[in-house]
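S.K.: The structure under discussion is supplied below as structure tokens; questions concerning it will follow.
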Amino acid sequence: MCAILANISHGDEVIIPSYTFVSTANAFARQGARIVFVDSTSDSPNMDTAQVSSMITPRTKAIVVVHYGGIACDMESIIRVAQRHQLVVIEDAAHGLGSCLRGQPLGAFGHLATFSFHETKNITSGEGGMLVVNDPVFDDRADIIWEKGTNRKAFYSGEVDKYNWLDVGSSFLPSEITAAFLLAQLESMTSIQEKRMAIWNRYLTGLDSLQKRGLLKLAYVPDFATPNGHIFYMVCDSLTTRNSLLSFLNKHGISAVFHYQSLHASPFIKGRQSVQQLPWSDHYSNCLIRLPLFPDLTLEDQNCVIQVIYDFYAA
Ligand SMILES: *Cc1c(COP(=O)(O)O)cnc(C)c1O
């Protein structure tokens, strides 16, 4: 819906981080846009906002940011660049429900923002998501696109006496059953988020001495960001170490996992665009591990995860 609302069409360019899920880019690729990938930074998987202005051309239409692990990107610098070039800013806040940037919730910064309620996210309806429209310029059209391109919403509210096909659209709405499931999740949101943050903080303090010894890097939180305990990640020094640690954890019954493969190097993009070098994005593809994090993870089990990581590095 963001890509349709932003009027993205063939030949337009959209700036997107490479280290993200395919959904971030797919919405724009489907509209015929050329995806211009930005690297991550040495500090975190979030996009390197300092590179963005050099990537803007007369064809650039939008900048899409991803708040990886629910940790805010530097929105101030993105908004400054976007305003200078009159670009649409879209926040992929799929990970970011309940996170803040200087006290303001993620999803409140872009013209448009999206959240995911996929089963892997903090709050879930199995599949599903939410579009946040911050610029009222998009309000009416968003209602129409959401209702399969019709003004059925205006019909239901009595503003028109029949509804018609007005625009492109699709069946973007959830079923009642999905919405009921989501409501129950939202009612428990405070306790879900508190439990996740407690686990997240215990990983951070529990593994800190390995970080101090220079053996790995833990999730990085800039001072402007307040996270939501979505993902706890650590970054190993090489692909070899990462893979041995993963299999060590898995052998001990711990379901730690890696994460995204850089989109700029995906078969889909390689078949269509010239290959870029984005070393930090590849670094996180090769070296990042996500540790088990779910509300009912017990203290005992979490201590076991931390101990197994210490055992790995001791060996
Ligand atoms: C989960 C996720 C999405 C959305 O995925 P859907 O399956 O479409 O809900 C988008 N972006 C990122 C970064 C994600 O992790």
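The values are calculated or read from the model by the stated rules, or taken from the named source; none is laboratory data. Quick caveat, the model's predicted, so the values are computed rather than measured. So basically every Cβ, Gly included, is an ideal-geometry build from the backbone, and we count neighbours across all protein chains shown. When the accessible area is computed, the model is the full protein with side chains, heavy atoms only, and any ligands, DNA or RNA have been set aside. Shrake-Rupley method; radii C 1.70, N 1.55, O 1.52, S 1.80 Å.
S.K.: Quick check: at a probe of 1.4 Å, how many percent of the accessible area of segment 157-315 sits on carbon and sulfur atoms?
M.R.: Working: 5190 of 9130 Å².
Solvent-exposed carbon and sulfur of segment 157-315 make up 57 percent of the total.
S.K.: Then there's this: Can you show me the helix-derived [θ] at 222 nm for the chain, built from DSSP H runs with n ≥ 4 at -39,500 (n - 2.57) apiece and divided by the number of residues, rounded to the nearest 500.
M.R.: -10500 deg cm²/dmol
S.K.: Let me ask something else. Mean separation of Cα pairs under 8 Å and 6+ residues apart, divided by the residue count of the chain: what relative contact order is that in percent?
M.R.: In percent, rounded to a whole number, it is 17.
S.K.: Evaluate E = 1/(1 + (r/R0)^6) for Ile177 and Glu300, where r is the Cβ-Cβ distance and R0 equals 51 Å; express this FRET efficiency to the nearest 0.05.
M.R.: With a Förster radius of 51 Å, E is 0.90.
S.K.: Step through the residues of segment 3-10 one at a time and calculate ³J(HN,Hα) from phi using the Karplus curve (6.51 cos²θ - 1.76 cosθ + 1.60, θ = phi - 60°), rounding each to whole Hz and writing x for Gly and Pro.
M.R.: Values, residue by residue: 5, 5, 4, 7, 6, 6, 9, 3 Hz.
S.K.: Give a residue-ordered list of calculated ³J(HN,Hα) values for segment 277-288 (Karplus: 6.51 cos²θ - 1.76 cosθ + 1.60, θ = phi - 60°; whole Hz; x for Gly, Pro).
M.R.: Residue by residue, segment 277-288 yields 9, 10, x, 6, 4, 4, 4, 6, 4, 8, 10, 8 Hz.
S.K.: Along segment 296-305, what does the Karplus equation 6.51 cos²θ - 1.76 cosθ + 1.60 (θ = phi - 60°) give for ³J(HN,Hα), rounded to whole Hz, x for Gly and Pro?
M.R.: 9, 5, 7, 4, 4, 5, 5, 4, 5, 4
S.K.: Still on this structure, I have one more. List the relative contact order of segment 248-312 as a percent without decimals, with contacts defined as Cα pairs under 8 Å and 6+ residues apart.
M.R.: Details: 42 pairs, mean separation 28.7, N = 65.
That works out to 44 percent.
S.K.: Once amide H atoms are placed 1.01 Å from N in the peptide plane, what residues at a sequence separation of 5 or more from Gly129, or on another chain, have their amide H within under 5 Å of its amide H?
M.R.: Counting only residues 5 or more places away or on other chains, the set is Phe117.
S.K.: Would you please name the trypsin sites (Lys or Arg not before Pro) within segment 30-104 that are DSSP coil residues with at most 14 other C-beta atoms within 10 Å of their C-beta?
M.R.: Loop-located and lightly packed - Arg30, Arg59, Arg102.
S.K.: Further, regarding this structure: Suppose the chain between Ser157 and Ser170 were pulled fully straight at 0.36 nm per residue; how much longer would it get relative to their current alpha carbon spacing?
M.R.: Working: separation 13, 0.36 × 13 = 4.68 nm, distance 2.02 nm.
Roughly 2.7 nm would be gained on extension.
S.K.: In segment 113-143, which chymotrypsin sites (Phe, Trp or Tyr not before Pro) are in a loop and have at most 13 other Cβ atoms within 10 Å, using DSSP for the loop call? Let's see the in-between values first.
M.R.: Numbers: sites: Phe115, Phe117, Phe138; in loops: Phe117.
Those that pass, being in a loop and sparsely packed, number zero.
S.K.: Now a separate question. How much accessible area per residue does segment 49-169 have, counting only protein heavy atoms and a probe of 1.4 Å, in square angstrom?
M.R.: Details: 5980 Å² over 121 residues.
Value for segment 49-169: 49 Å² per residue.
S.K.: Still on this model: Can you give the Kirkwood hydrodynamic radius of segment 138-253 from its Cα pairs, in Å with one decimal?
M.R.: After inverting the pairwise mean of 1/r, the radius is 19.1 Å.
S.K.: Now for a separate question. Which residues' amide hydrogens lie under 5 Å from the amide hydrogen of Asn228, considering only partners 5 or more residues apart or on another chain, with H built in the peptide plane?
M.R.: Excluding prolines and chain starts, which carry no amide H, there are no hits.
S.K.: Can I ask one more? Hey, can you grab everything whose amide H is under 5 Å from the amide H of Met47? Only 5+ residues off in sequence or another chain; H modelled, so Pro and N-termini drop out.
M.R.: Sorted by chain and number, the residues that satisfy this are Val66.
S.K.: Under a Cβ-Cβ cut-off of 15 Å, what is the net charge of the residues other than Thr298 that fall near it, where Lys and Arg count +1 and Asp and Glu count -1?
M.R.: 0
S.K.: As a test question: what accessible area, to the nearest 10 Å², does Tyr203 have when a 1.4 Å probe is rolled over all protein chains in place?
M.R.: 0
S.K.: Rounded, prolate or oblate for segment 85-147? Axes are the square roots of the Cα gyration tensor eigenvalues, ordered a ≥ b ≥ c, and the cut-off for rounded is a/c under 1.5.
M.R.: oblate
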